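Below is one structure; the comments refer to it alone.
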Amino acid sequence: MYKDIFISYSRRDQEFVTRLASDLNEQVAFVWFDRSTIQPGQKWHDEIMEGIQECKAFIRVLSLDAMESRYVREEVNKALELGKAIFPVIYRPARWTGEFESLVREVQTLDLRSGSYTDNFQKLVDGLIEAGAVKAGGERPFLRPPTKPSLNIVLSKIPGWAFAWGLGWLVFWIVVLIVLAIIVANQGSLGDKDFLSFFLILLSAGVGGFTGGLLAGLFTMLALRPNAPSISWKHMSPTIRIWGISGPLGMFVSGLITSLMIAIGAISAQGAEPDCSGVGLGDCMGQIIGSALGEAIGLVILMLLVFLLFVIVAWLLTGMFAGWLAVRHIRRLEPGITTGQGWRVSAGWGAAPSSPPLS
């Protein structure tokens, strides 16, 4: 079996390494790494040492976990001993020591935290070609495409975010409506008109969630345009769970805070004291009743305003947190996503929930 390229890595970085190995194997040369090559019954240590000995290029995916692994250190030392062409690739930052410090300091290092995966992959391929790690035929196996993904790729991924958001909001409102249906049923007044109202609310929620997802997806894809090819449904699907859970939770917490504020007197509505001097008993009673009704109506309006304010704040923070989680998940394949890109995505996600109807 050909073992042109050997990849040494920590198992914690396996998701990224599997993608890298697949791309290299398809476009450059035959790749060897322990997860994909060692078969049942083989002596894994002997196979690894043989793979290093026979390879033309040795790629070391650097991270804190890799540096702390004695197996990875053994692989690096073996490659250094054999004089292999070593390509240090920084995947996650760490404070380098020992042979890793020498590698980073003395060998041209590819830092994946700067630039997109596509750009860095091209740089790595150029180095591997120079090292002779190419498939048979001698022709250049990789021609650089434009490094900036086209808008077609960027825009094609936005509906996926919208679809996931829409499903999440439907789950959210289904939970809310189930609670409302139970309350109304206990009062013995659940009828066809209630079910029609529930259906209209769900329809509006789906439309609102889809609209919010379009906005969030637009913010996400514009901010992460250089990384767009790496984004897939698996990065979008957690949105369903996030909004399905956090939506009702945000309303519950907002209602609880509002109730506590009423209980301690932080929210109250006081009208003008009725003045019965110089008026008859009927007029005086009218003033008292009117004042009481005014206070009650004012309190209800104030409660709703405070409740809605807390709901908006809760969903704003939830949206920002959800956007941060999405970026964190995508960063596993795109470690070059910057802090600025992440903040732009989080801000867009936070702003999107309050914009569409019922979302």
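The values are calculated or read from the model by the stated rules, or taken from the named source; none is laboratory data. Predicted model only: the values in this text are computed from it and were never measured. With ideal geometry, Cβ positions are generated from the backbone for all residues, glycine too; neighbour counts draw on all protein chains shown. Surface areas here come from the heavy atoms of the whole protein model, side chains and all, with no ligands, DNA or RNA. Shrake-Rupley method; radii C 1.70, N 1.55, O 1.52, S 1.80 Å.
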Query raised in the report: What is the packing order of peptides 153-160, 168-175, taking the mean over residues of other C-beta atoms within 10 Å and listing the highest first?
Result: 168-175, 153-160
Query raised in the report: How much length, in nm to one decimal, is gained on full extension between Gln14 and Gln187, taken as 0.36 nm per residue of separation minus their Cα-Cα distance?
Result: 56.7 nm
Query raised in the report: By how many nm would the segment from Phe252 to Glu130 lengthen if fully extended, with 0.36 nm per residue of separation less the alpha-carbon distance?
Result: 37.8 nm
Query raised in the report: Contour minus end-to-end for Glu47 and Thr338, with contour as 0.36 nm per residue of separation and end-to-end as the Cα-Cα distance?
Result: 100.9 nm
Report task. Just grab the label-to-label distance for Leu82 and Ile174, each label 7 Å out from Cα along the Cβ direction, in nm (one decimal). Result -> 5.4
Requested in this report: Give the accessible surface of the stretch 155-256 per residue, rounded to a whole number of Å², with probe radius 1.4 Å and ligands, DNA and RNA excluded.
Outcome: 49
Report task. With a Förster radius of 51 Å, plug the Cβ-Cβ distance of Val104 and Lys148 into 1/(1 + (r/R0)^6) and report the FRET value to the nearest 0.05. Result -> 0.95
Query - the stretch 76-222, accessible surface, carbon-and-sulfur percent (1.4 angstrom probe) - result: 63
